[in-house]
1. Given Cα pairs under 8 Å that are at least 6 residues apart, what percent is the relative contact order of region 177-349?
2. Round to the nearest 0.05 the FRET efficiency obtained for SER93 and LYS253 when R0 = 51 Å and r is the Cβ-Cβ distance.
3. Determine, for each peptide in 121-134, 295-308, 214-227, 240-253, the mean count of other beta carbons within 10 angstrom over its residues, then list the peptides with the highest first.
4. Of the listed peptides 97-107, 262-272, what is their order by residue-averaged count of other C-beta atoms within 10 Å, with the highest listed first?
5. Taking amide hydrogens as modeled 1.01 Å from N in the peptide plane, which residues meet the under 5 Å criterion relative to VAL232, leaving out close sequence neighbours?
6. Computed over the Cα atoms of region 210-305, what is the convex hull's projected area averaged over all directions, in nm²?
7. Taking Cα centroids, how far is region 268-333 from region 215-266 in Å?
8. Do any of LYS77/LYS253; LYS77/LYS217; LYS77/LYS170 go past 29 Å between their Cα atoms, and which?
Amino acid sequence: MTSALARVHAPLTPAVRSPTRDVQGIPLAWAADRAARILQEEYVKHPSSTWTDLDNAILSLGELHDAWLEWMGGREKPATRESIRKAANVMASFRKSLAAAGAPDVLASVTPETVQRWVAQQRALHKSEDGIASRLSTLKVFTNLYVRAELGLTTDDLLRRVKRINPPPKPRPRLTDRQIKEICDFPDDATFEGLRNRALLFVFASTGRRLREVVEKMTVAGLNPITGEFAVAAKGGAVYPTRMSPAALKAVKAYLRERPPTEDHDALWVTRDGRPLTGWAALLAIRRLREKMGVERLNSHLFRHSLAQRALDHGAERAMVMDMLGHATDKAARIYAASVRQSTAARAMPRYSPV
């Protein structure tokens, strides 16, 4: 079966092109004329010089969409499943906006004007600015990195005039040391699930690792029972060394003494009958604990935010926090640092108050 990527390239390759019709079934004699007519529609603002070939203007967004996802998964450093899923959702949302406006589902319809209308529609639905900013960035990656740089369909980025949205950083929520201790010590019953969930909470609190990195990636053999060291495959595939605190290691050892033996897998976290614990099951366990404790918010990322801000509070450099959390850039560390500066300034106010 011909891949989506091959179909997108087909109109640019005379050897595989039909003698009478292009890949979308349009007679070749009509293609250039149709492209020229589309470029003159009121919702299309691209000059003819934008295209390396005028026929590129009428390439199907649907086929480009499929080819883009295929490319993301097959490139030298493949995108994560989450990134590919997000890209698919972004393109589907944008194409839905085009269809509602009566614009053709072709590459020429990707313009600053149609994108700004799409952004306005998201705001009308009360989507968060952070989410809108992220989706817009994904669409700009499509037009610049893929359509222009990878496929060479355009001479310039179709969305060059669209500025990225940079909402002001929001303070990240965090837990105090006392709150963390109360949460970690809450499931202190001697049941198997109680010991396992307590150990999980301690690992989240002491390492700041993501839920799936801990629940689905940790193995019995990969844990050093003396130092508490283990390695996790983080978001994007990079492997990061990690070391839990002595208190966390003590909680994990208490759980391991009750962990049922398994022969077909080496997953560290398991159910009572020895099956590997899933991320979804861990989420449910944390949700039940939150409801039982009567706290408003509790999740693995809250521990992650708390560890990062506590580290900065105690003098850690942003680069160290970036490495601790497994971030490819220091964007998140800058947000954490801003939150720490604000809280530090607030604590200093009484010292400088004139009254």
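1. Taking the mean separation of contacting Cα pairs over the length of region 177-349, I get 23 percent.
2. After rounding, the FRET efficiency stands at 0.60.
3. Peptide ranking by packing, descending: 295-308, 240-253, 214-227, 121-134.
4. 97-107, 262-272
5. TYR240, THR242
6. 7.0 nm²
7. For region 268-333 versus region 215-266, the Cα centre distance is 15 Å.
8. With Cα atoms farther than 29 Å apart: LYS77/LYS253; LYS77/LYS170.
Here, each number is a calculation from the coordinates, and none is a lab measurement. This is a predicted model, so every value here is computed, not measured. Heads up, the Cβs are rebuilt from the backbone with ideal geometry, glycines too, and the neighbour counts pull from every protein chain shown.
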